[in-house]
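Following: one structure in structure tokens, then a few remarks.
Just so you know, all these numbers are worked out from the coordinates, no wet-lab data involved. As the structure is a computational prediction, the values presented were derived from the model and not from experiment. Please note: Cβ atoms are built from the backbone with ideal geometry, for glycine as well, and neighbour counts cover all protein chains shown.
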Amino acid sequence: MKKKIIIFILFFVGVYALVGCSKISSIARFDYEVLKYEDIEDEDITISFRVRSGVVSQALPDLIKAFENQYPNITVDLQTVGGDYSALLKTTIGDINSNNAPDLIIGYPDHFASYFSASALVNLQQFINDKDVGYTKAELEDFVDVYMPENRDFHPDYPEDYYGLPFNKSTEVLVYNRTFFKELYGDNYVNKIPQTWGELDTLGKEIIQKVKNGDADEIFVESVSGNKTTYLKMSDYLSDNLPAPQFYPFSYDSSDNAFITLVRQFGGKYTERVHIEKGYILFDNEEAKSALAYFQNMARQRVFALAASFNKKYNSDLVETIQVVMTVGSSAGVAYNASGRYEYELGAAPIPYYSEDKKFVIQQGTNIAMLNQNSDAEKLAAWLFIKFMLEPENTAKFAVNTGGYLPVRTSAYETEEYIEFLEDPALDQKLWSEAVEVALSYPERGFTMFVDPAFTGSAEIRDTVGELFTAVIVSNADITKRIQQAYRELKPHVKNN
């Protein structure tokens with residue numbers, strides 16, 4: 001296990017090219033003074049910390065309480081926003097425009113590009129360098145190196161300055177219904193878990209036939225009344241009397257992640273960053289079209305789906321009703337697939353790939369940043385909270401309590417709590433631990449984790465390609481015409497426009 005962690009931390013290469021220069025030199029490097037805690041310890045200070053509701057917000061109260069015990073004059077107002085991370089971005093941009101921004105925010109690199117463009121993002125380097133409240137060289141080097149570049153290269157004159165720090169990181173994994181596979185394939189079921197998309201295509205058609213034949217009709221218990229047990233009759237999902245089948249072997253959780261990952265796995269390009277405020281779309285290429293055609297064909301064969309294929313918003317709803325038995329999603333979101341109505345066990349495995357030489361898997365999860373509509377005293381309080389949350393013991397505790405998120409400090413992997421989580425997890429944490437094991441195994445399996453460099457507008461691009469992928473997979477849209485439509489919608493980001 002320790003060897004696997006070392007390989008993960010030291011030897012895989014994240015794809016994150018920092019290129020070009022910007023035209024925004026007029027933005028001040030620092031617009032605050034770093035105070036000492038002694039300067040504020042007699043003040044009652046409240047700082048706001050905005051996150052997405054869900055597993056992240058649920059894991060924070062105990063850590064916030066511990067921070068407030070350490071700094072009794074500082075209160076942390078935890079603000080949660082429902083919906084996805086795009087909703088968090090839109091809410092925060094609105095509050096920046098109305099001069100009501102939170103002190104701290106988590107988000108993706110493309111979100112931070114938008115905050116920077118709105119002149120709302122605080123350059124943290126002055127805090128980092130401060131001899132009293134900053135980081136030593138050794139402490140800064142303790143952060144997992146691959147997570148750091150996406151927090152730099154905002155200001156063209158100071159490309160090494162940090163505007164954020166890694167907060168909660170994850171990747172994607174394949175989650176499968178282990179109970180289903182065991183019942184259909186016996187003790188050797190693991191050999192059936194697909195490693196490539198080609199294997200998934202073959203397996204998916206086989207599973208469809210087995211479900212149609214009724215081979216899965218007595219696996220999942222609907223109810224027990226006296227001596228009578230009623231089972232979910234899965235063959236009904238594929239009844240000829242239905243307007244459309246209600247079962248697919250596989251569904252991808254995130255349409256935008258699917259597009260970005262699969263285009264890269266087919267050798268295609270997605271975007272190109274010039275500088276923080278300029279970038280281009282590049283996905284009108286033959287590789288991207290081939291990827292879309294490949295998965296559109298799998299969708300036509302009723303093997304590959306999205307939640308929208310069922311008129312649902314969340315893939316986990318389909319896992320719970322056994323309408324899907326395999327899904328690719330965030331390692332941090334595996335808990336959402338836990339059993340609801342039916343009893344079953346889940347397993348985790350690496351995501352499928354198209355070819356051995358392009359085994360790409362997306363690096364995701366958010367960073368934490370400070371917004372600048374506050375006083376120097378509030379900035380210091382916010383910085384102290386950042387430092388507290390990113391202490392090795394606390395990033396490890398946060399990772400354990402959220403499931404499949406990964407600690408952001410190297411030494412966090414060596415804490416007693418995290419080692420126990422990996423080697424001897426509690427019963428309700430076994431799937432989380434298994435998903436993390438998969439994430440840690442990617443480098444030695446030959447996968448490359450990647451993150452595309454962010455720029456102003458890349459969040460919009462991400463949303464647009466998600467809609468494109470959904471149209472191609474769910475509505476069988478013409479691929480060339482749908483790409484052309486996306487280019488029209490993203491006209492400011494078209495090269496030579």
TODO: Excluding residues fewer than 8 places away in the same chain, name every one of the lysines whose C-alpha is closer than 24 Å to that of Lys192.
DONE: Lys182, Lys205, Lys210, Lys212, Lys233, Lys358, Lys359, Lys430
TODO: Could you run the Karplus curve 6.51 cos²θ - 1.76 cosθ + 1.60 with θ = phi - 60° over the stretch 338-353 and give me ³J(HN,Hα) per residue in whole Hz, x for Gly and Pro?
DONE: 4, 4, x, 6, 10, 8, 7, 10, 10, x, 10, 8, x, 5, x, 10
Open item on the list: Output the 0 to 90 degree angle, nearest 10, between the alpha-carbon long axis of helix 430-441 and the longest principal axis computed from the alpha carbons of the chain.
Closed with: 70 degrees
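So, R0 is 35 Å and r is the distance between the beta-carbons of Glu277 and Asp44; what FRET efficiency does that work out to, to 0.05?
Numbers: r = 39 Å, r/R0 = 1.10.
The computed FRET efficiency comes out at 0.35.
Val263: net charge of surrounding residues, Cβ under 10 Å, Lys/Arg +1, Asp/Glu -1, itself excluded? Intermediate values should be presented prior to the final figure.
Values: positive: Arg264, Lys269, Lys289; negative: Glu287.
Computed value for this residue: +2.
Averaging sequence separations of C-alpha pairs under 8 Å and six or more residues apart, then dividing by the length of the stretch 188-318, give the relative contact order as a whole percent.
Details: 139 pairs, mean separation 26.6, N = 131.
With pairs under 8 Å counted, the relative contact order is 20 percent.
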TODO: Could you list which residues have their amide H under 5 Å from that of Arg52, counting only those 5 or more apart in sequence or on another chain, with H placed in the peptide plane?
DONE: Val81
Task: Relative contact order computed over the chain (Cα-Cα under 8 Å; 6+ residues apart), in percent - done: 26 percent
- [ ] Would you kindly derive the ³J(HN,Hα) couplings of the stretch 384-389 from the backbone phi angles with the Karplus curve 6.51 cos²θ - 1.76 cosθ + 1.60 (θ = phi - 60°), listing them in order in whole Hz, with x for Gly and Pro?
- [x] 4, 5, 4, 4, 4, 5
Task: Relative packing of peptides 173-180, 238-245 - highest average C-beta neighbours within 10 Å first - done: 173-180, 238-245
- [ ] Would you give the gap between the C-alpha center of the stretch 64-133 and the C-alpha center of the stretch 403-428, rounded to a whole Å?
- [x] 26 Å
Task: Proximal charge balance of Leu490 [Cβ under 14 Å; K/R count +1, D/E count -1] - done: -2
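Set the Förster distance to 25 Å, then compute FRET efficiency between Asp132 and Ala28 from the Cβ-Cβ distance, nearest 0.05. List each step's numbers first, then the result.
Numbers: r = 23 Å, r/R0 = 0.90.
The value I calculate is 0.65.
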Task: Cleavage-rule hits (GluC sites (Glu not before Pro)) in the stretch 32-90: DSSP loop, at most 12 neighbouring Cβ within 10 angstrom - done: Glu33, Glu41, Glu43
- [ ] For the chain, find the longest principal axis of its Cα atoms and tell me its angle to the long axis of helix 197-212, 0 to 90°, nearest 10.
- [x] 50 degrees
- [ ] Hey, can you grab everything whose amide H is under 5 Å from the amide H of Ala305? Only 5+ residues off in sequence or another chain; H modelled, so Pro and N-termini drop out.
- [x] Phe250, Ser251, Tyr252
TODO: Please give the helix 286-300 orientation as an angle from the longest Cα principal axis of the chain, in degrees from 0 to 90, rounded to the nearest 10.
DONE: 50 degrees
Open item on the list: Please report the equivalent ellipsoid semi-axes of the stretch 210-256, computed as sqrt(5 x eigenvalue) of the Cα gyration tensor, largest first, in whole Å.
Closed with: 25, 14, 10
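How much of the DSSP bridge set in the chain is antiparallel, in percent, rounded to the nearest 5? Please report the intermediate quantities before stating the final value.
Values: 30 of 51 bridges.
Given both bridge residues lie in the chain, the antiparallel proportion sits at roughly 60 percent.
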Open item on the list: Per DSSP helix of 4 or more residues, -39500 (n - 2.57); summed, then divided by the residues of the chain. What does that give at 222 nm, rounded to the nearest 500?
Closed with: -11000 deg cm²/dmol
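Between Lys491 and Asp77, how high is the FRET efficiency from 1/(1 + (r/R0)^6) when r is the Cβ-Cβ distance and R₀ = 35 Å? Nearest 0.05. Please report the intermediate quantities before stating the final value.
On the way: r = 40 Å, r/R0 = 1.14.
Efficiency computed from Cβ-Cβ geometry: 0.30.
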- [ ] List the lysines whose Cα lies under 22 Å from the Cα of Lys387, skipping any in the same chain that are fewer than 8 positions away.
- [x] Lys36, Lys65, Lys131, Lys137, Lys169, Lys379, Lys397
TODO: Please list, in chain and number order, the residues 5+ apart from Phe143 or on another chain whose amide H is under 5 Å from its amide H, with Hs placed from the backbone.
DONE: Thr410
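When ranked by the protection proxy of mean other Cβ atoms within 10 Å per residue, highest first, what sequence do the peptides 219-225, 59-65, 449-455, 202-208 form?
Values: 219-225: 13.0, 59-65: 15.6, 449-455: 23.3, 202-208: 18.4.
Averaged packing, sorted descending, gives the order 449-455, 202-208, 59-65, 219-225.
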Open item on the list: Could you tell me the relative contact order of the stretch 86-207? Use alpha-carbon pairs under 8 Å, at least six residues apart, and round to a whole percent.
Closed with: 16 percent
Open item on the list: Just checking my list (1) 45, 26, 19; (2) 39, 32, 20; (3) 40, 27, 20 against semi-axes √(5λ) of the Cα gyration tensor in Å computed from this structure; which label fits?
Closed with: (3)
